[in-house]
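S.K.: I have a structure I would like to understand better, so I am pasting it below and will then ask my questions one at a time.
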Amino acid sequence: SGEWNEDNKPNQSDLRCFVPPVLLPCKLNKATIKIRVNAPSRTLEVMGYINGQFETVFKRENPSGLIEIDIESPDALELDDDGGLLLSLAVSATEEELASASLPPDPTGQRETTGSTWKIDYVHVNLEGTTE
C-alpha cells in the first residue's frame, strides 16, 4: 500500500541495511538516517543493534518534518556476518492510548479513543566507511 503503518497503532519495525558485497569487508564510520515523519503526541526512537540487543541511539517527542540523525558510535555501526547493519524504528503510543489500555474492557463498546494519527513518509540510510 506504500504506507508505513496503516492502522496508526504504536509500531516497532526492524530494518537491515546492506553494504554492497563489492565493498566488503568494510568498517563503518558513520550512518546518517533521514526520516520524514509526522507523529504528534508520540515518541520516535531509533535503535542500533549493540551487543546482541537493540539500544536507543536517538529519541524525539512529537517528531515532525525531516529529521536527520548521525550515528557515529562504533558499537552501533557493527555489521553482521552478511554485511548488514541492523536498525529499529519505534513510534510510541500516545498518553491517551496508554491510559485506555489500562482500563477494563468496555462491554457496551461505547468508549472512544482518539489516538493521534502518525505517518512516516520515508526513511533513507546513508552509510560511510572504509574498506579493509
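To keep it simple, each residue is scored yes or no on (1) buried (at least 18 other Cβ atoms within 10 Å of the Cβ); (2) modelled with pLDDT of 95 or more; (3) touching a Ser or Thr at 6+ places or on another chain (Cβ under 6 Å).
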| position | (1), (2), (3) |
| --- | --- |
| I33 | yes, yes, no |
| A39 | yes, no, no |
| I50 | no, yes, no |
| K59 | no, yes, no |
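S.K.: Consider S100 carefully, then state whether it is under 13 Å from the mean Cα position of the chain (by Cα) and either modelled with pLDDT under 95 or not acidic (D, E) (or both). Walk me through how you get there before you give the answer.
M.R.: Numbers: under 13 Å from the mean Cα position of the chain (by Cα): no; either modelled with pLDDT under 95 or not acidic (D, E) (or both): yes.
No: the conditions fail for S100.
S.K.: Being of a type in the set (A, V, I, L, M, F, W, C), in a strand (DSSP E or B) and more than 21 Å from D82 (Cβ to Cβ) is the filter here, so list the residues in segment 14-71 that pass it.
M.R.: I35, V37, L44, V46, V57, F58, L66, I67, I69
S.K.: Then there's this: Taking the stated definitions as given, is E78 among the acidic types (D, E), over 17 Å from T117 (Cα atoms) and open to solvent by 20 Å² or more (accessible area, probe 1.4 Å)?
M.R.: Yes, satisfied.
S.K.: With (1) surrounded by 13 or more Cβ atoms within 10 Å (Cβ to Cβ); (2) among the basic types (K, R); (3) more than 14 Å from the chain's Cα centre (by Cα) as the list, and K27 as the residue in question, which single condition is left unmet?
M.R.: (1)
S.K.: Given the criteria aromatic (F, W, Y), over 17 Å from R16 (Cα atoms) and at pLDDT 95 or above, does F54 qualify?
M.R.: Criteria not met by F54.
S.K.: For the condition modelled with pLDDT under 90 and either surrounded by 13 or more Cβ atoms within 10 Å (Cβ to Cβ) or not hydroxyl-bearing (S, T, Y) (or both), what is the one hit in E95, E68, E45?
M.R.: On the way: E68 fails: modelled with pLDDT under 90; E45 fails: modelled with pLDDT under 90.
E95 is the lone residue from the list that is modelled with pLDDT under 90 and either surrounded by 13 or more Cβ atoms within 10 Å (Cβ to Cβ) or not hydroxyl-bearing (S, T, Y) (or both).
The values are calculated or read from the model by the stated rules, or taken from the named source; none is laboratory data. Computed from a predicted structure; not experimentally measured. Neighbour counts are summed over all protein chains in view; Cβ atoms, including those assigned to glycine, are modelled from backbone coordinates with ideal geometry. Heavy atoms of the whole protein, side chains included, go into the accessibility calculation; ligands, DNA and RNA do not. Shrake-Rupley method; radii C 1.70, N 1.55, O 1.52, S 1.80 Å.
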